[in-house]
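A quick write-up on the structure given underneath.
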Amino acid sequence: MNPQRTVKVSKYLSRHLRHRPGQIGLTLDEGGWVEIDALLAAADAHGFRITRDELAHVVATNDKRRFAVEGTRIRARQGHSVEVDLGLAPAVPPRYLHHGTVTRFLDAIRAEGLRPMTRHDVHLSADRETAARVGARRGRPVVLTVDAGALHDAGHVFRVSANGVWLTSSVPSSHLRFPPGAGDAT
């Protein structure tokens, strides 16, 4: 499978398993799962044919392990804007987690902290490198450090998905460390 097709299929799956399943006639169950046969039929009926081999390739090679397959079902591991219950138990986070962003969002983050925006949770990374890759999708990355240990001690709930993404409802700006000179207010 060529790299462009892999990306195209991955984006299609993300869009319809995370955000707009109804656009192609899918209904996710409460955990975000859908039958693979239903997904492939819906995609085909809407002009985007995906073979089983392509689907398997995208699931197996996605660098962020965005998708999970269980028997005859598939779902996105996290990042939904539609209501789902991923069934993730609360977990104790490492002392520090990281969030990748870009300079243009720093003023809002300083004022409001990290919010989930259109998703259900704020996504955090256990290492700076992953956070930098996430931020780089929108431009030159800025990596913020989250005092997850202090937030957890204060009663904030964290969960971790099977692909290592840490999820929480929000992060107040008081629990964020900004890199020196990163978008300092003028």
Could you run the Karplus curve 6.51 cos²θ - 1.76 cosθ + 1.60 with θ = phi - 60° over region 161-166 and give me ³J(HN,Hα) per residue in whole Hz, x for Gly and Pro? 7, 4, 9, x, 7, 8
Considering amide H positions built from the backbone, and no H for Pro or chain starts, which residues 5 or more places from Lys64, or on another chain, come under 5 Å of its amide H? none
Asserting the computed 222 nm helical MRE of the chain (DSSP H runs at least 4 long, -39500 (n - 2.57) per run, divided by residue count, to nearest 500) equals -8000 deg cm²/dmol
In terms of the charge dipole of the chain, which places +1 on Lys and Arg and -1 on Asp and Glu at the beta carbon, the residue among Val69, Ala136, Asn163 farthest towards the positive end is Ala136
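Can you give the relative contact order of region 3-76 as a percent, counting alpha carbon pairs under 8 Å and 6+ residues apart? Provide the component values of the computation, followed by the final result.
Values: 68 pairs, mean separation 25.3, N = 74.
Answer for region 3-76 is 34 percent.
When Rg is the radius of gyration of the Cα atoms in region 97-177 and Rh is its Kirkwood radius, what does Rg/Rh come to?
Working: Rg = 11.7 Å, Rh = 12.6 Å.
On the Cα set of region 97-177, Rg over Rh gives 0.93.
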Listed peptides 51-58, 91-98, 74-81 by packing density, highest first (mean Cβ within 10 Å): 74-81, 91-98, 51-58
Residues meeting the amide H criterion for Leu114 (H placed from the backbone, H to H distance under 5 Å, 5 or more places apart or on another chain) are Val171, Ser173
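In whole percent, what relative contact order does the chain give with Cα contacts below 8 Å and a gap of six or more residues? Write down the numbers at each step before the final one.
On the way: 312 pairs, mean separation 38.8, N = 186.
Reported as a whole number, the value is 21 percent.
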Dimensionless Rg/Rh of region 69-114, both radii on Cα and Rh by Kirkwood, sits at 1.09
Tell me, what is the percent relative contact order of region 97-177, built from C-alpha pairs under 8 Å that lie six or more residues apart? 42 percent
Mind listing the phi-derived Karplus ³J(HN,Hα) values for region 107-115, rounded to whole Hz, using 6.51, -1.76 and 1.60 with θ = phi - 60°, and x for any glycine or proline? 4, 5, 5, 4, 7, 10, x, 8, 10
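Quick one: in region 3-76, what % of C-alpha pairs are over 15 Å apart? Mind dumping the intermediate values first?
Values: 1288 of 2701 pairs.
Every Cα pair in region 3-76 considered, those over 15 Å come to 48 percent.
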Whole-Hz couplings from phi, Karplus 6.51/-1.76/1.60, listed for region 75-91; x for Gly and Pro: 7, 7, 6, 6, x, 6, 9, 8, 5, 9, 10, 6, x, 8, 6, x, 9
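Treating only the Cβ atoms of Lys and Arg (+1) and Asp and Glu (-1) as charged, compute the dipole magnitude of the chain about its Cα centre; round to the nearest 20 debye. Don't skip to the answer; put the middle values down first.
On the way: 26 positive and 19 negative charges, 136 e Å.
Roughly 660 debye, rounded to the nearest 20.
Read-outs: derived from the displayed coordinates by stated rules, not from any lab. These numbers were taken from a predicted model, which means no experiment stands behind them. Neighbour counts are summed over all protein chains in view; Cβ atoms, including those assigned to glycine, are modelled from backbone coordinates with ideal geometry.
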